[in-house]
Amino acid sequence: MHGFRKNYPVASEITPESVWQSRRQWLRAAVSAPALLAAGAASAKAAPDTEPFGPKLAATPSQRWSTDETVNRWSDITTYNNFYEFGTGKGDPAENAGRMQLTPWAVQVDGAVRKPLTLDIDALRHLAPMEERIYRLRCVEAWSMVIPWIGYSLSHLLKKAEPTEEARYVVFTTVLQPDVMPGVRQGILNWPYTEGLRMDEAMHPLTLLTFGVYGRELPAQNGAPMRVIIPWKYGFKSAKSLVRIHLQSTPPLTAWMQAAPQEYGFYANVNPAVPHPRWSQETERRIGSGFFASRIPTQPFNGYASEVASLYKGMDLRRNF
Ligand SMILES: Nc1nc2c(c(=O)[nH]1)N[C@H]1C(S)=C(S)[C@@H](COP(=O)(O)O)O[C@H]1N2
Ligand SMILES: [Mo]
């Protein structure tokens with residue numbers, strides 16, 4: 001099981017096994033954060049793997065926000081993807097996303113803000129200290145992974161723009177490059193891919209503006225150069241390759257809500273008690289754990305309930321799915 005760890009270069013340097021082991025110990029010492037450690041232990045098997053590659057991205061490991069579950073392989077994380085702009089097959093993003101034009105890249109923060117911003121990707125990378133956070137990612141299709149993301153809380157960027165009292169929702173827009181996006185030419189969704197959060201969800205420290213994974217800058221298929229990760233929600237909320245973050249007073253009608261409103265709600269909090277119309281959400285398959293590994297129970301809010309359940313106090317989570 002330590003095979004993964006050995007293959008896992010931490011932050012900006014290749015880390016000797018001994019350093020990694022002591023890091024594991026402080027993660028274990030964090031048992032006082034029960035929600036983050038609650039999920040069933042995934043016992044993924046050691047296997048030969050490709051080493052992470054691409055430009056390095058330094059980051060400080062975050063004890064506060066990390067699970068100590070076994071991280072998935074680089075190869076799982078970068079070849080088993082959903083990025084429908086590049087096709088609906090799990091291997092399509094790895095095959096096609098490399099054609100995305102990543103330079104220059106600017107992100108606009110606008111709408112209900114006192115200081116609208118347009119920042120290039122370098123300025124965004126330097127806006128706040130980078131942290132490495134090991135999060136669970138639970139897809140609505142009932143598979144999951146454990147992924148060492150690199151980024152900082154989205155709240156740092158939003159505060160810079162000085163939201164007004166009107167700012168009650170945040171809308172994320174993904175880049176649209178139809179010439180290199182075979183999925184866009186096929187239809188499927190009303191492009192560009194849009195997602196949204198309530199302002200308090202967007203400001204929650206767990207909501208990560210994400211620039212890297214496994215010590216490297218994000219590969220194209222994982223949403224380069226910058227995406228958002230909301231670990232207590234189904235994966236489709238975590239929009240990739242962002243070009244715009246818009247604040248507004250009304251809830252947005254996101255791309256998935258337009259396509260299939262009965263299947264994809266605005267909240268999309270991971271909830272084993274509320275089935276998807278076509279399948280149960282009670283259990284999940286941890287990618288990389290082997291074909292015969294048993295499914296593991298899905299946790300309310302993907303195991304982050306003690307951090308975020310209070311955001312939904314008094315709400316009917318069956319109606320607000
Ligand atoms: N722009 C865009 N963002 C997206 C998607 C997409 O199709 N397009 N798929 C979502 C879904 S369904 C999941 S599960 C996650 C997958 O992220 P990963 O491939 O980095 O694991 O990205 C989300 N973000
Ligand atoms: Mo997903």
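What follows draws every value from the coordinates through simple rules; no lab data is involved. Note that this is a predicted model, so its numbers are computed, not measured. No Cβ is skipped: glycine too gets one built from the backbone with ideal geometry, and neighbour counts run over all protein chains shown.
Below is a table of values for the structure above.
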quantity: Mean Cβ count within 10 Å, highest first, over the residues of peptides 53-63, 87-97, 132-142; calculated: 132-142, 87-97, 53-63
quantity: Furthest towards positive pole of dipole, Asn72, Val243, Val170, structure part the chain, Cβ charges; calculated: Asn72
quantity: Proximal charge balance of Thr210 [Cβ under 15 Å; K/R count +1, D/E count -1]; calculated: +4
quantity: 19 Å Cα cut-off, lysine pairs counted over the stretch 11-312 (separation 8 or more, or different chains); calculated: 4
quantity: Per-pair calculated FRET efficiency, R0 = 22 Å: Thr103 and Leu127 via Cβ, rounded to 0.05; calculated: 0.75
quantity: Residues of type aspartates and glutamates that Lys313 reaches as a straight line, Cα spacing below 15 Å, ignoring anything fewer than 8 places off in the same chain; calculated: Asp200, Glu201
quantity: Computed [θ] at 222 nm, deg cm²/dmol, the chain (DSSP H ≥ 4; -39,500 (n - 2.57); rounded to nearest 500); calculated: -4500 deg cm²/dmol
quantity: Simple spin-label estimate for Ser280 and Glu51 in nanometres, 7 Å along Cα-Cβ; calculated: 4.4
quantity: Label zone at Ala58 (point 7 Å along Cα-to-Cβ), backbone N below 13 Å, the stretch 128-156; calculated: 129-131
quantity: Relative contact order for the chain, counting Cα pairs under 8 Å that sit 6 or more residues apart, in percent; calculated: 21
quantity: Simple label model, 7 Å out from Cα along Cβ direction - Leu176 to Ser249, nm; calculated: 2.6
quantity: Per-q log10 I(q)/I(0), the stretch 181-258, q = 0.11, 0.12, 0.22 Å⁻¹ (Debye; single scatterer per alpha-carbon; no solvent); calculated: -0.31, -0.37, -1.16
quantity: Unit charges on C-beta of K, R, D, E only; dipole of the chain, Debye; calculated: 460
quantity: From phi via Karplus (6.51, -1.76, 1.60), per-residue ³J(HN,Hα) for the stretch 99-104 in Hz, x at Gly/Pro; calculated: 7, 4, 7, 9, 10, x
quantity: Cα-based Rg of the stretch 82-176 normalised by 2.2 N^0.38 Å, two decimals; calculated: 1.29
quantity: Rounded Å value of the spacing that divides the Cα centres of the stretch 148-163 and the stretch 188-216; calculated: 10
quantity: Packing-based exposure ordering (other Cβ within 10 Å, fewest first) of Asp110, Asp179; calculated: Asp179, Asp110
quantity: Equivalent ellipsoid semi-axes, the chain, via Cα gyration tensor eigenvalues times 5, rooted, Å; calculated: 27, 23, 21
quantity: Equivalent ellipsoid semi-axes, the stretch 84-140, via Cα gyration tensor eigenvalues times 5, rooted, Å; calculated: 27, 18, 14
quantity: Nonlocal amide H pairs with Gly196, under 5 Å, H built at 1.01 Å; calculated: Phe172
